Amino acid sequence: MTGGTDLSGKTCMVTGATSGHGRAVALSLAAGGADLVLLGRNKDKCAAVQREISGRGGRRPGILVCDLSSLTDIRRCAAEFLSWNRPLHMLVNNAGQVNERFRESADGFEETFAVNYLAMFALTLLLLERIKRSAPARIINVSSDTHYMAYLDLDDLEARRRRYSFMGAYSRSKLAVVYFTRELARRLAGSGVTVNAVDPGPVRSNIANKPGVLARMANALIQCTFPKPEKAARTAVYCATSPDLEGASGGYYRFMKKKDPGVSPDSEFGARLWDITARMVGMDTDNI
Ligand SMILES: NC(=O)c1ccc[n+]([C@@H]2O[C@H](COP(=O)([O-])OP(=O)(O)OC[C@H]3O[C@@H](n4cnc5c(N)ncnc54)[C@H](OP(=O)(O)O)[C@@H]3O)[C@@H](O)[C@H]2O)c1
């Protein structure tokens with residue numbers, strides 16, 4: 001699925017590699033010859049994907065166990081990876097979730113916003129120097145077309161002042177991913193590192209395989225009608241590997257085609273969102 005691109009010697013980290021889209025992306029990159037690093041919150045599930053890749057003749061992936069709802073764990077995990085002294089040529093920020101009911105992360109943030117967006121921001125920036133030193137390198141951020149229905153209030157990013165809705169929380173986190181991608185691309189111009197956002201389209205995955213009435217209904221629909229993860233993974237793999245996208249950055253892709261993300265071309269909103277996010281995750285990003 002890497003379109004014949006030889007990924008030997010390339011180190012690729014995939015977050016949320018234990019299920020659905022992330023697992024399919026990891027298997028595909030490994031089939032192209034890449035050295036995988038599987039990031040997941042469940043050690044046994046990571047080990048199962050590790051065995052699967054080795055069993056298919058791929059190089060044995062490294063494993064990083066990390067709960068992306070915790071900034072402390074993200075910092076620990078990034079430090080662990082950096083201590084391996086390995087390059088990082090591709091980072092696929094795939095992990096995602098949605099909660100039927102409001103939940104707070106360990107750090108006190110709305111959990112879907114924390115896992116889908118704040119974690120992506122923090123992990124990427126903690127690894128960024130290593131990624132830059134590994135250039136040419138690519139960062140792929142998994143968003144979703146649901147972002148088209150979202151609105152971000154910079155004074156109330158987690159929408160605490162509004163009644164919780166799972167679709168609202170999910171789509172807001174994915175809109176923040178689109179802005180983050182564009183702003184990071186702007187800051188990385190000329191560095192040899194590109195960053196693009198993707199919507200994999202519908203994926204037959206475990207995202208709604210949870211307790212709750214709405215989740216059960218959504219899960220039934222997903223399992224019956226959504227395409228298999230292997231098919232959905234094509235766009236992320238294309239963005240991570242295709243020679244056609246050399247130097248292309250700041251874009252939004254669906255079904256292996258660039259599309260207009262429908263956000264204001266003015267970069268001021270993205271820059272302000274960046275500053276607020278940096279404060280939320282407690283990171284100094286002045287040098288980025
Ligand atoms: N399904 C769709 O139709 C669809 C459409 C557009 C975009 N997407 C996006 O695609 C991405 C992958 O989702 P999926 O549909 O493949 O769902 P999935 O099967 O539930 O996979 C989600 C992955 O994220 C991991 N994850 C969730 N919370 C985590 C946490 N706190 N710490 C570490 N890892 C965590 C999960 O780990 P566990 O295995 O331990 O649960 C799993 O590996 C998400 O960003 C999602 O928003 C999905």
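Read the figures in this text as sums done on the coordinates, not as results from a lab. In this text the structure is predicted, and so the values were computed from the model without any measurement. Every residue, glycine among them, receives a Cβ derived from its backbone with ideal geometry; neighbour counts consider all protein chains shown.
Here are some notes:
- The chain: C-alpha pair distances exceeding 25 Å, %: 42 percent
- In segment 55-122, the inverse of the mean reciprocal separation of distinct Cα atoms equals 13.6 Å; this is its Kirkwood hydrodynamic radius.
- Near ASN206: Cβ cut-off under 12 Å, other residues only, Lys/Arg at +1 and Asp/Glu at -1. The net charge is +4.
- Of VAL198, VAL98, the sequence from fewest to most neighbouring Cβ atoms within 10 angstrom is VAL98, VAL198.
- Percent breakdown of C-alpha pair distances by 5 Å bin, ordered from the shortest bin, for segment 173-249: 3, 15, 17, 17, 16, 12, 9, 6, 4, 0
- Quarter of Cα convex hull surface for segment 14-60, i.e. mean projection, nm²: 2.6 nm²
- Principal axis extents of the Cα atoms in segment 1-140, from largest to smallest and rounded to whole angstrom, are 43, 30, 25.
- Within segment 120-211, all pairs of alpha-carbon atoms sorted by distance into 5 Å bins from zero give the percentages 3, 12, 19, 20, 17, 14, 10, 4, 1, 0.
- Distance cut-off 21 Å, percentage of C-alpha pairs in segment 1-80 lying past it: 24 percent
- Absence of a disulfide-compatible partner, taken as no other cysteine beta carbon within less than 4.7 angstrom, is noted in the chain for CYS12, CYS46, CYS224, CYS239.
- Cα pair distances exceeding 15 angstrom across segment 92-139, given as percent: 51 percent
- Neighbour net charge for VAL195 - beta-carbon separation under 11 angstrom, K R +1, D E -1: +3
- Computed per residue of the chain from DSSP H runs no shorter than four, each worth -39500 (n - 2.57), the mean residue ellipticity at 222 nm is -12500 deg cm²/dmol.
- Remark: for residue pairs LYS228/LYS259; LYS132/LYS174; LYS228/LYS258; LYS210/LYS257; LYS43/LYS258; LYS45/LYS259, the C-alpha separation exceeds 29 Å in LYS210/LYS257; LYS43/LYS258; LYS45/LYS259.
- Of the chymotrypsin sites (Phe, Trp or Tyr not before Pro) found in segment 205-288, those that fall in a DSSP loop while having at most 16 other beta-carbon atoms within 10 Å are PHE255.
- Working note: Cα atoms of segment 134-287, range along each principal axis, descending, whole Å: 47, 41, 26.
- Seen from ASP275, the other residues with C-beta closer than 14 Å to its C-beta sum to a net charge of -1, counting Lys and Arg as +1 and Asp and Glu as -1.
- Segment 132-170: chymotrypsin sites (Phe, Trp or Tyr not before Pro) in DSSP coil with no more than 16 other Cβ atoms inside 10 Å: TYR151, TYR164
- Loop sites in segment 24-92: trypsin sites (Lys or Arg not before Pro), DSSP, at most 16 other Cβ within 10 Å: ARG56, ARG59
- Exposure proxy ranking, count of Cβ atoms within 10 Å, fewest first, for HIS21, HIS147: HIS147, HIS21
- Scattering curve values for segment 51-200, log₁₀ I(q)/I(0), Debye with Cα scatterers, q = 0.14, 0.16 Å⁻¹: -0.73, -0.93
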